[in-house]
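Q: Sharing a structure below in structure tokens format, with a few things to ask.
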Amino acid sequence: MKKLLLVFILPLASLTLYAQEASKQREVGLTFRSLDSFGMTFRTGTTRALWRFNTVFLSGNKETFSADSVDSEASSSGFNLSIGREFRKPVNENLTLRFGADVTFRYSKYRNQTNDKSIVNDDYISERTTYGPGIELVFGLNYALGKNFIIGAELLPSFQYHTGKSTTSSLYYEKTESDISGFSYGLTNAVMLSLVYVF
């Protein structure tokens, strides 16, 4: 009788454990990188593995410089999109480890306009536009605030390829245009914080 009972209990127990591991979960929230960029995240999957869809909008900046007879204005803007996969491992009831990887795409634009008020009066404008794909690794932690909210922190070491164009034009010289290409890697602006709602 005990053996027969075990035959029925073991499959039910394994199905229950599988259902718990594979329970569906979706998350939506806000992300922050340093103090000048923010974005949104959407994650879907199970409690142990989720697909990640992130968009980070750089707020950009605009600065004005004045020195003697020269006024200069510089501005920059851009955005970052990423799609990836993350896996989670619970540490305790509230804390969870996260690891995975994202494929990214970045776009940025920089513009500098100088107004020369001297006798030379050589005003000029320079612009630089770059874009390109990259890869980011994901190492992070989640801390649960009850059942429906999570605070997260991620370290995102990255490798990024970029290409684009740089142009310069002035009052007295012809417009010049040059191609840009290169790559970057490391941990620059690599910490991302998130506040997400789980449903």
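The values are calculated or read from the model by the stated rules, or taken from the named source; none is laboratory data. Predicted model, so just to flag it, every value in this text is computed and none were measured. Quick reminder, even Gly has a Cβ in these numbers, built from the backbone with ideal geometry, and neighbours come from all protein chains shown.
Q: Failed condition for Arg88, given (1) at pLDDT 90 or above; (2) loosely packed, with under 15 Cβ neighbours inside 10 Å, with all others met?
A: Condition not satisfied by Arg88: (2).
Q: Same structure, new question: Which pairs turn up if I take residues in segment 183-197 that are under 17 Å from Ser82 (Cα atoms) and look for partners that are aromatic (Phe, Trp, Tyr) with beta carbon separation below 6 Å, at least 6 apart in sequence or on another chain?
A: Tyr185/Phe159; Leu193/Phe32
Q: Of the conditions (1) over 13 Å from the mean Cα position of the chain (by Cα); (2) of a type outside the set (Gly, Ala, Ser); (3) at pLDDT below 90; (4) part of a strand (DSSP E or B), Thr44 satisfies every one except a single condition; which number is it?
A: (3)
Q: Lys165 - would you say it is among the basic types (Lys, Arg), more than 16 Å from the chain's Cα centre (by Cα) and not in a loop (DSSP other than H, G, I, E, B)? Break it down into steps so the answer makes sense when it comes.
A: Working: among the basic types (Lys, Arg): yes; more than 16 Å from the chain's Cα centre (by Cα): yes; not in a loop (DSSP other than H, G, I, E, B): yes.
Spelling it out, Lys165 is indeed among the basic types (Lys, Arg), more than 16 Å from the chain's Cα centre (by Cα) and not in a loop (DSSP other than H, G, I, E, B).
Q: Next question, about the same structure. Which one of these does Arg128 not meet: (1) among the basic types (Lys, Arg); (2) buried (at least 16 other Cβ atoms within 10 Å of the Cβ); (3) within 30 Å of Glu86 (Cα to Cα)?
A: If we test Arg128 against (1) among the basic types (Lys, Arg); (2) buried (at least 16 other Cβ atoms within 10 Å of the Cβ); (3) within 30 Å of Glu86 (Cα to Cα), just (3) comes out false.
Q: Looking at segment 146-172, which of its residues are without any contact (Cβ under 8 Å) to a residue 40 or more places away in the chain and either closer than 17 Å to Val191 by Cα or loosely packed, with under 14 Cβ neighbours inside 10 Å (or both)?
A: Gly146, Leu155, Pro157, Phe159, Lys165
Q: If you don't mind, there's one more thing I want to ask. So which pairs qualify, if the first residue must be in segment 93-113 and surrounded by fewer than 16 Cβ atoms within 10 Å (Cβ to Cβ), the second must be modelled with pLDDT of 95 or more and of a type in the set (Phe, Trp, Tyr), the Cβ gap must be under 9 Å, and the two must be at least 6 apart or on different chains?
A: Asn94/Tyr143; Leu95/Tyr143; Leu97/Phe87; Leu97/Phe139; Phe99/Phe87; Phe99/Phe139; Phe105/Tyr131
Q: Can you tell me which condition Glu63 does not meet? The list is (1) modelled with pLDDT of 90 or more; (2) acidic (Asp, Glu); (3) surrounded by fewer than 16 Cβ atoms within 10 Å (Cβ to Cβ), and all the others hold.
A: All conditions pass for Glu63, except number (1).
Q: In addition: Which count do you get for residues in segment 65-92 that are hydrophobic (A, V, I, L, M, F, W, C) and closer than 24 Å to Thr41 by Cα?
A: Residues in segment 65-92 being hydrophobic (A, V, I, L, M, F, W, C) and closer than 24 Å to Thr41 by Cα: 5 in total.
Q: Filter segment 24-71 down to residues that are among the acidic types (Asp, Glu) and under 24 Å from Thr129 (Cβ atoms), then give me how many there are.
A: Qualifying residue count, segment 24-71: 3.
Q: Also, quick follow-up: Could you tell me which of the residues Ala22, Ala49 is within 23 Å of Tyr197 (Cβ to Cβ), modelled with pLDDT under 85 and surrounded by 12 or more Cβ atoms within 10 Å (Cβ to Cβ)?
A: Working: Ala49 fails: modelled with pLDDT under 85.
That would be Ala22, the only listed residue that is within 23 Å of Tyr197 (Cβ to Cβ), modelled with pLDDT under 85 and surrounded by 12 or more Cβ atoms within 10 Å (Cβ to Cβ).
Q: Hey, can you tell me all the residues within segment 25-41 that are at pLDDT 85 or above and surrounded by 15 or more Cβ atoms within 10 Å (Cβ to Cβ)?
A: Within segment 25-41, Gln25, Glu27, Gly29, Thr31, Phe32, Phe38, Gly39, Met40, Thr41 qualify.
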